[in-house]
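Below is one structure, written out as structure tokens, with a few remarks after it.
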Amino acid sequence: MKLLLPDILLVLLAALIMGYDLYKGKVNLTSTVPFHFAWLGLCAIFVVLLRLPYDQTALYPGGYLVTGTSLLFKQVFVLSALFTVLLSGSYFTPGGNKRGTLRHRSEFLTIILLCTFGMFTVVSATDLLTLFIGIELSAIPLYILSGFYKEDALSLEASTKYMMMGAISTGLMLFGLSFLYGAAGSVTFEALAKFCTANPDEPLLRLGVLFVLAAIGFKLTVFPFHMWAPDVYDGAPTPVTAFISVSSKAVAVAFLLALLYGPLAALHSQLQPVILILAAATMTVGNLGALKQERLRRFMAYSSIAQAGYIIMALAGDAGLGRSSVIFYLFVYAAANYAIFFILAAIGRDGDEQRSGLQGLGKNNPVLAAVLMLTAFSLAGIPPLAGFMGKFFLFAAAAKQGYYAMVVFAALNSTISLYYYLLLVKEAYIIEPQVARKPLMLDGVQFISLFLLTAAMLIAGILPSISDNIMAVAG
Amino acid sequence: MADFILFNSYLILLFPLFSFAIIGLGHINSDNKFVAKFAIAMSSLSLGYALLTTLAYLSQPKHTLLAYDAAWLNFAPGLTANLGMYLDPISVMMLVVVTVISLLVNIYSVGYMKGDRSFNRFFALLALFSFSMLGLVTSGNILQMFVFWELVGVSSYSLIGFWYEKPSAVAASKKAFIVTRFADAFFLLGILLVSFYSQTFSFQELNSPSTALLLKDAGVLTLGTLLIFAGGWGKSAMFPLHVWLPDAMEGPTPVSSIIHSATMVVAGVYLTARMFPLFAASETTLFVIQCIGAFTALFAAVIAITQMDIKRILAFSTLSQLGYMIFSLGAAKVCADGGGHHGADVNPLGFSAAMYHVFTHAFFKCMLFLGAGAVIHAVHSNDILKMGGLKQLMPKTYWSLLAACLAIAGVFPLSGFWSKDAILLAALQSGHTVTFLVGLITGGLTAFYMFRFFFLIFHGEARSHLHHVHEDPWMTWPIVALTVPTIFAGLLEHSFVAQVLPPHLGETGHFAHPAWLPWLATLVAMTGIGCAWLLYGEGKTEKAAALQKAFGPVHTVVQNKFYVDEVYLFITHKIIFNCVAAPIKWFDRNVVDGTMNLCGWLLQVGGKGVRLVQNGELHLYLGATVVGLIVLLFLGK
């Protein structure tokens, strides 16, 4: 049962927080106890995850499989949930955010935890049904979370749009999965894999895969299924946006990895051109869209669309490098994204979360400005930061398959992205503030989180041991 | 315990890096006193750990070890760049030298930079400089070394141009950066060439005899090693790339001190020593190294005689001493016709003597610069004609600098005597008589110009009006502290000669040890000092002026540094700027910029398009999904 411990603890933690809310919640609406439960619990789960053996696999009843790769994904999910919880701190504190104070903290935390459990299910699935249930478990809570500003029209609009688009994509996915089932006659990965190897040219299979690709493209914000992203990222509360941009993307990647390098491995070589076209289109659209965004959450939406493009490009790589490079990149991407969102939270305390909120940062708060600069550089992929190593591996995965033109195209795209990431730095260091603003300040939680994230970006960029470990497990 | 200390030896680098990050990011506007204390504390910790590492290194039997090693960049299967801590006699020696000098310069700077409005920035950059140099000397592979090599370049650039309000400082920093970068381009080419054929970056493998054989068979040994040496050529300011070093004194004096003693210029010598076994495989390479070194030694010493600027004299003296180190490495190759029958083709003394001179020179040259800084601080001028008579006013500086001048002149029993003697002996043993004579004569010139410098500053009457000259304790004590190694480093001669040896040394053979050499060297040095005493001993310039008149045009040519700078200016401004740069500029302005602007415009239009489609209407999004699905199905067919 050892390998199942994180999953069990996660459910227990969710139940604990929900139980606390039922028992005490109505008495003390502003209590911070659930918050402390949540982050402490997630830290504990992370520690447990780190101490598990990564070279063992265990199959539990009901087709629940734990492997080294799935544990790595669980690390990403737990860290992401942890930083979302930490990020949400100031949004639940009265006066912590200009847009308004979120309420029902225990519900928020419970939903985050249960959503994360859905993601755990995706990486542990061994049949299509569990896979589908997992992805839905991780999707539906996000629709609720996006509308968590219950009086804010923008937030409700985001929630509605997200749900509508999500419904379509769920439909497509079920459609696709049913084709796969129809072709193979079974929902287990084992049977599907056997069928794929025997009949790789079966048209039903291809049809099913393409439907699934379109459906997961929604979650992964692949062009042209990405269009919800800017509106939802902008409308949802910032911690939710951060969670969507990291966890939801990570689970979609996990889903694709599970299929492409699992039961559908025999189709992988046929799918590579499609994957590359989607990757190229996605990174271009994301980068073009981000060029002139003033609103930072929208900006992050486009930025993460572009990042999704780089990630799927690596899925054209072989199993070992494709898997390990993508997982490493998810860590790197999560660190940089959360760092940006923590800075957003600092801007949002007294102003709109807009780029102009960064003005004068270089003078008022040089440490925060330096963190912003490092983060922007990491997102743009400049050495020696983690983002550089991450992109290096992604590009290497595609290059190893001989897709040099694609790598060049991605590198050019990366240059475009440097432009708008540098705009952030320019705003913080060069542009003089037009109006007097309060200097940006961090509270204790934000300070420690940013410290950890920055350290991670630096260490993962300089020290090779982290990427080496991931290669060893997933490669 | 020793293993633990060695494994964590990267801490030596991390302390200054930490100091740079903390001061540079968090405390650029903080209280000066705090910053000074913090910088000194970090520097002391770094020194402390360097000493611990030295002890741990000496307590274990291995000659070379990689204390820490991890794969860093995996370029291609079989070609991986690692990150490592490479410990061998020369890197351990450099760790001690760099950390000692860095600590003393930090302490000294508290006094020297007092009241400067960029006090904190100075300490941050100084820490970065130490970090870069420490990283350079402990690099386990040539690529890692190149990274730190460039970091040294960048940090020296920002320190030389520290007072960037002064146009001359900006010009000097640009000059230093451009000249060294010019040389580094060849270095990088060399790295590419050598690693392409040898499939490795690691020093251990590059220096192995099999790599030398491999490169020789491919016919790139000489070219590759010369290209790599070109990097050291620029950094160590060998003729004709020496032009940046005299100008680099535009930085604050503590910077000159650290550049000239422990960091930057020594990097070139260090690189040559690091790659010595590979260089030694090519006769041509070592011959070039030897000629360049010997020529620079003499050339710079001649110029130093005529200079009037206190720091310029020292700058040319550094050039000359670097020439010694470089030619000593080159002279380690035993001359084929002269003394070729010793049973070996490499004389290890050339290598150890060069490293020994790096060691002794670091201390006395650092002290000379710090002393010069103290004098400048007191007199507010760089011109030695405006000084004089400072003996009574600055007694501690006087006696300390006397020791340093005696050491650099090579007077028994101070440190410089031993290392210079070892270099001359190495040249003589290997049969390079011309180089030996050049070294001997340069020794005499060195003694002369150093004592000209010394007498004009301290002896006789003050030649300008001095008011309230005093010795700042922050500045004086580091100077006094440096007298200890300046005087006593000679005691280490035996261990250097016995232990600091290049790896993969075959037969060492037996070399003669003429007993007359120390006497001759001392005689030459004494003659130099004697001449200086006759001309300047009373702190007067009349006799020298008469002599100067007699030489007339020769003196003018020498005083203008043989017009090398003017030649450079002519080549760059007249030829390169007009014939090459102008057409390229036109091309860049019109064709390249035009294309780039077109790209930018296209991208902006594309961005506008993306944002236009994103109009917030849900039915459009749903429609896009459906169309996307259809296209996808079509694509995947």
Acute angle (nearest 10 degrees) that the helix B:348-379 long axis makes with the longest principal axis of chain B, alpha-carbon atoms: 80
Estimated inter-spin distance, A:Lys2 and B:Ser168, nm [label 7 Å along Cα→Cβ]: 7.2
Partner chain coverage, peptide B:607-613 - average Cβ within 10 angstrom: 6
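I'd like to compare B:589-598, B:30-39: which one has the highest average count of other Cβ atoms within 10 Å, and what's the full order after that? Let's see the in-between values first.
Details: B:589-598: 10.4, B:30-39: 17.1.
Result, highest mean Cβ count within 10 Å first: B:30-39, B:589-598.
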Label-point gap, in nm, between B:Leu437 and B:Leu635 - each point 7 angstrom along Cα→Cβ: 7.9
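Relative contact order, percent, of the stretch B:283-544 when contacts are C-alpha pairs under 8 Å separated by at least 6 residues? Kindly include the intermediate steps, with their values, before the conclusion.
On the way: 464 pairs, mean separation 71.5, N = 262.
Computed value for the stretch B:283-544: 27 percent relative contact order.
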Bins of 10 Å from zero: percent of alpha-carbon pairs in the stretch B:4-114: 14, 36, 28, 18, 4, 0
FRET efficiency for A:Leu154 and B:Leu25, using Cβ-Cβ distance with R0 set to 51 Å, rounded to 0.05: 0.90
Chain-alone versus full-assembly comparison, the stretch A:284-298, residues with accessible loss of at least 10 Å² (1.4 Å probe): A:Val285, A:Leu288, A:Gly289, A:Leu291, A:Lys292, A:Gln293, A:Arg298
Share of carbon and sulfur in the accessible heavy-atom surface of chain A [1.4 Å probe, %]: 70
Distance from the stretch A:193-218 to the stretch B:243-267 (C-alpha centre basis), Å: 67
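If you stretched the chain out fully between A:Ile448 and A:Asp350, how much longer would it get, using 0.36 nm times the residue separation minus the C-alpha to C-alpha distance? Provide the component values of the computation, followed by the final result.
Numbers: separation 98, 0.36 × 98 = 35.28 nm, distance 2.05 nm.
Extra length from A:Ile448 to A:Asp350 when fully extended: 33.2 nm.
Can you tell me how much longer the chain between B:Met1 and B:Asp593 gets when fully stretched, taken as 0.36 nm per residue apart minus their C-alpha distance, in nm with one decimal?
Gain on stretching B:Met1 to B:Asp593: 207.1 nm.
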Positive-end extreme of charge dipole, the stretch B:565-636 - chosen from B:Leu618, B:Val592, B:Thr572 (charges on Cβ): B:Leu618
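Roughly speaking, what is the stretch gain from A:Leu422 to A:Tyr23, that is 0.36 nm per residue apart minus the C-alpha to C-alpha distance, in nm to one decimal? Mind dumping the intermediate values first?
Details: separation 399, 0.36 × 399 = 143.64 nm, distance 4.93 nm.
This chain segment gains 138.7 nm when fully extended.
How much net charge surrounds B:Thr296 when only the other residues with a Cβ under 15 Å from the Cβ of B:Thr296 are counted, with Lys and Arg +1 and Asp and Glu -1?
Neighbour charge sum, excluding B:Thr296 itself: +2.
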Accessible area of B:Glu461 in the full protein assembly, 1.4 Å probe (Å², nearest 10): 140
Degrees separating the helix A:128-146 axis from the principal Cα axis of chain A, which is the longest one: 20
Amide H partners (placed H, <5 Å) of A:Asp127, local residues excluded: A:Phe189
Sequence of B:Trp516, B:Trp474 from largest to smallest accessible area, 1.4 Å probe: B:Trp516, B:Trp474
Rounded accessible area of A:Glu151 (nearest 10 Å², 1.4 Å probe): 150
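Relative to the Cα centre, what is the charge dipole magnitude of chain B, using +1 at the beta carbon of each Lys and Arg, -1 at the beta carbon of each Asp and Glu, and rounding to the nearest 20 debye?
Working: 33 positive and 30 negative charges, 243 e Å.
Roughly 1160 debye for chain B.
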Kirkwood hydrodynamic radius over Cα pairs of chain A, then Stokes diffusion coefficient at 20 °C and 1.002 mPa s, in µm²/s: 96
Kirkwood-based Rg to Rh ratio, the protein assembly as shown, C-alpha trace: 1.05
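Using +1 on the beta carbon of Lys and Arg, -1 on that of Asp and Glu, and nothing else charged, what's the dipole of the protein assembly as shown about the Cα centre, debye to 20?
Working: 61 positive and 53 negative charges, 354 e Å.
Value, rounded to 20: 1700 debye.
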With DNA, RNA and ligands ignored, accessible area of A:Leu12 (1.4 Å probe; Å², nearest 10): 100
Averaged over B:594-600, number of beta-carbon atoms from partner chains that fall within 10 Å: 1
Cα Rg, Dmax (largest Cα-Cα span) when computed across the stretch A:199-342, Å: 15.1, 51
Ranked order, A:Leu129, A:Leu22 - accessible area, probe 1.4 Å, largest first: A:Leu22, A:Leu129
Rounded percent of accessible protein surface that carbon and sulfur make up, chain B, 1.4 Å probe: 71
Threshold 10 Å², the stretch A:190-220 residues less accessible with all protein chains present than alone (1.4 Å probe): A:Arg206, A:Leu207, A:Leu210, A:Phe211, A:Ala214
Built amide H within the under 5 Å cut-off of A:Gln354, gap 5+: A:Leu296
For the stretch A:280-386: accessible area per residue (Å², 1.4 Å): 19
Debye intensity ratio I(q)/I(0), log10, chain B, q values 0.06, 0.08, 0.12 Å⁻¹ (C-alpha model): -0.36, -0.60, -1.26
Solvent exposure ordering (accessible area, 1.4 Å, most first) of B:Trp533, B:Trp601, B:Trp72, A:Trp228: B:Trp601, B:Trp533, B:Trp72, A:Trp228
Chain-alone versus full-assembly comparison, the stretch B:12-39, residues with accessible loss of at least 20 Å² (1.4 Å probe): B:Leu25
Normalised convex hull volume, the stretch A:14-112, alpha-carbon set, Å³ per residue: 107
Estimated distance in nm for a label pair at A:Ala198 and A:Ala319, the labels positioned 7 Å out from Cα along Cα-to-Cβ: 2.0
Cα long-axis angle, helix B:516-536 against chain B (0 to 90 degrees, to the nearest 10): 80
Whole-Å distance, taken between Cα centres, linking the stretch B:585-619 and the stretch A:357-432: 19
5 Å binning of all Cα-Cα separations within the stretch B:368-490, expressed as whole percents from 0 upward: 2, 11, 19, 19, 16, 12, 9, 6, 4, 1, 0
Shielding of B:618-630 by partner chains, average beta-carbon count, 10 Å: 6
Overall dimensions of the stretch B:283-544 by Cα: Rg and Dmax, Å: 19.0, 64
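Total Å² of accessible surface buried at the A-B contact, 1.4 Å probe, nearest 100?
Working: alone 17900 and 27060 Å², together 41830 Å².
For chain A against chain B, roughly 3100 Å² becomes buried.
Kirkwood hydrodynamic radius, computed over distinct alpha-carbon pairs, for the stretch B:83-149: how many Å, to one decimal? Display every interim value, and only then the final one.
Details: mean 1/r = 0.0773 Å⁻¹.
One decimal place: 12.9 Å for the Kirkwood radius.
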Accessible area of chain B divided out per residue, in Å², using a probe of 1.4 angstrom: 40
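The values are calculated or read from the model by the stated rules, or taken from the named source; none is laboratory data. Note that the structure is a prediction, hence the values are computed from the model and not measured. For neighbour counting, all protein chains shown are included, and Cβ atoms are generated from backbone atoms with ideal geometry for every residue, glycine included. Calculation scope for accessible area: heavy atoms of the full protein, side chains included, ligands and nucleic acids excluded. Shrake-Rupley method; radii C 1.70, N 1.55, O 1.52, S 1.80 Å.
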